[in-house]
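J.: Input: one structure, supplied below.
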Number of protein chains: 2
Amino acid sequence: MFELDVRSRVPIYEQLVEKIKELIIKGLLKEHEQLPSVRALSNDLTINPNTIQKAYRELENQGYIYSIPGKGSFVAPLKDKDINKEKIEKILEEIKKLMLEGFHLGMNREDIIKVLEDVVKIKEGK
Amino acid sequence: MFELDVRSRVPIYEQLVEKIKELIIKGLLKEHEQLPSVRALSNDLTINPNTIQKAYRELENQGYIYSIPGKGSFVAPLKDKDINKEKIEKILEEIKKLMLEGFHLGMNREDIIKVLEDVVKIKEGK
DNA sequence: TAACTGTATTATTTTATTTAGTACAGTTAT
DNA sequence: ATAACTGTACTAAATAAAATAATACAGTTA
């Protein structure tokens with residue numbers, strides 16, 4: 001299900017959070033779909049269950065999943081845009097920073113437009 | 001000169017790298033301009049000189065500054081676009097990931113365009 | 001010469017991450 | 001109801017990363 005780099009400088013639980021977020025965002029995991037259990041994923045990746053749980057806790061905090069004790073962990077339904085306003089602002093800030101860095105290195109306006117259209121297409125394809 | 005959060009989860013030296021990159025990218029530090037010495041900045045921020053040096057080494061590795069033993073550290077001149085091609089690709093990848101996340105949260109195409117035009121203006125203003 | 005520069009090294013402390021082992025309570029299917 | 005699942009919590013230990021401390025050396029500059 002995932003490929004993790006155990007000797008990366010970025011913590012395993014963070015890598016997990018990123019990977020799962022990606023699957024949810026790309027629609028490969030749909031609303032209310034069940035995620036692998038903590039123990040199952042722990043076995044599958046040969047990573048300590050505590051590390052998996054830490055990732056799941058983080059995903060729950062960020063609103064990407066919800067967990068029901070005894071039942072399992074599931075993909076959370078999308079929230080209203082207004083509720084995500086702050087998060088969107090932060091993301092736009094990050095994008096701005098990356099754009100500035102990119103332009104400094106010689107990136108073009110068109111490079112961004114291309115990526116944007118690319119993303120819009122992916123989004124429409126769902 | 002800087003504001004660092006010593007109790008942030010992100011390492012001090014990384015924060016330093018980001019801050020200085022930002023100053024260079026925004027043009028507040030110009031080519032061949034001298035940076036504060038390792039010891040001066042260490043004193044100023046009350047942070048260990050080794051930590052400062054680690055940040056400077058990282059900035060040098062990334063091509064943002066160059067250092068001359070005995071003289072000081074200076075803002076590196078811009079490199080050719082071709083040389084930065086790989087870096088630009090990575091930045092575009094990151095931007096794409098952020099765009100996907102943003103759209104998932106309800107961000108609009110126009111939000112991006114606005115930021116893009118904003119950045120283009122800043123770039124032209126130099 | 002004195003006071004600066006960057007750089008290097010070793011040791012120590014502190015903090016973050018990961019693993020290990022165990023436990024408890026709710027759920028599900030046999 | 002029993003067995004096998006679920007999430008969650010906790011403590012302890014091991015490992016890795018980050019930061020500090022204390023020196024030292026060689027080049028630069030006034």
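J.: What gaps in nm, shortest first, separate B:D80 from its twins in the other copies when you place the label 7 Å past Cα toward the beta carbon?
T.: 5.6
J.: Another question about this same structure. Return the Rg/Rh ratio of segment A:85-124 with Cα-based radii and a Kirkwood Rh.
T.: 1.04
J.: Per residue of segment A:77-84, in order, report the coupling 6.51 cos²θ - 1.76 cosθ + 1.60 (Karplus, θ = phi - 60°) as ³J(HN,Hα) in whole Hz, putting x for Gly and Pro.
T.: For segment A:77-84, the Karplus-derived couplings read x, 5, 9, 4, 4, 4, 5, 8 Hz, x marking Gly and Pro.
J.: Which of the GluC sites (Glu not before Pro) found in segment B:1-42 are loop residues per DSSP with 16 or fewer other Cβ atoms within 10 Å of their Cβ? Don't skip to the end; give the middle numbers.
T.: Working: sites: B:E3, B:E14, B:E18, B:E22, B:E31, B:E33; in loops: B:E3, B:E31, B:E33.
Passing sites in segment B:1-42 are B:E3, B:E31, B:E33.
J.: Over the C-alpha atoms of segment A:1-45, what are the Rg and the largest Cα-to-Cα span, Dmax, in Å?
T.: Over segment A:1-45's Cα set, Rg and Dmax evaluate to 11.2, 33 Å.
J.: Quick one: in the protein assembly as shown, what % of C-alpha pairs are over 35 Å apart?
T.: 27 percent
J.: Tell me the trypsin sites (Lys or Arg not before Pro) within segment A:1-86 that lie in a loop according to DSSP and have at most 16 other beta-carbon atoms within 10 Å. Intermediate results must be reported in sequence, preceding the final value.
T.: Numbers: sites: A:R7, A:R9, A:K19, A:K21, A:K26, A:K30, A:R39, A:K54, A:R57, A:K71, A:K79, A:K81, A:K85; in loops: A:R7, A:R9, A:K26, A:K30, A:K71, A:K79, A:K81.
Those satisfying the criteria are A:R7, A:R9, A:K26, A:K30, A:K71, A:K79, A:K81.
J.: Hey, what does the equivalent ellipsoid look like for chain B, semi-axes from the Cα gyration tensor as sqrt of 5 times each eigenvalue, largest first, whole Å? Spell out each step's value before the answer.
T.: On the way: eigenvalues 180, 72, 39 Å².
After scaling each eigenvalue by five and taking roots: 30, 19, 14 Å.
J.: Just to be sure I understand: with springs between alpha-carbon atoms less than 10 Å apart, which residue in A:A40, A:A76, A:A55 has the highest mean-square fluctuation in the Gaussian network model of chain A?
T.: Its mean-square fluctuation being the largest, the pick is A:A40.
J.: Shortest first and in nm to one decimal, what separations exist between A:N61 and its copies in the other chains, measuring from label points 7 Å along the Cα-to-beta-carbon line?
T.: Between copies, matching label points for A:N61 lie 2.8 nm apart.
J.: For segment B:12-75, take N as its residue count and report Rg(C-alpha) divided by 2.2 N^0.38 Å.
T.: On the way: Rg = 10.7 Å, N = 64, 2.2 N^0.38 = 10.7 Å.
Working it through for segment B:12-75, the quotient is 1.00.
J.: Mind telling me which of B:I12, B:I52, B:I112 comes out most flexible in a GNM of chain B, alpha-carbon contacts under 10 Å?
T.: B:I112
J.: Between their Cα atoms, which of B:K30/B:K85; A:K30/B:K96; A:K85/B:K97; A:K71/A:K126 are more than 25 Å away from each other?
T.: Pairs exceeding the cut-off: A:K71/A:K126.
J.: Another question, if that's okay. Which residue in A is nearest the A/B rotation axis when you measure from the C-beta atom, and what is the distance in Å?
T.: Nearest residue, distance rounded to whole Å: A:I95, 3.
J.: Long-range amide H contacts for B:A76: which residues qualify at under 5 Å (H placed 1.01 Å from N, peptide plane, sequence gap of 5 or more or a different chain)?
T.: Residues meeting the criterion, in which the H sits 1.01 Å from N, are B:H32, B:I65, B:Y66.
J.: Hey, for B:K19 with labels 7 Å out along Cα-Cβ, what do the inter-copy distances come to in nm, ordered shortest first?
T.: 3.5
Throughout, read-outs are computed from the coordinates displayed, never taken from laboratory work. Everything numeric here is computed off the predicted structure, so don't read it as measured data. With ideal geometry, Cβ positions are generated from the backbone for all residues, glycine too; neighbour counts draw on all protein chains shown.
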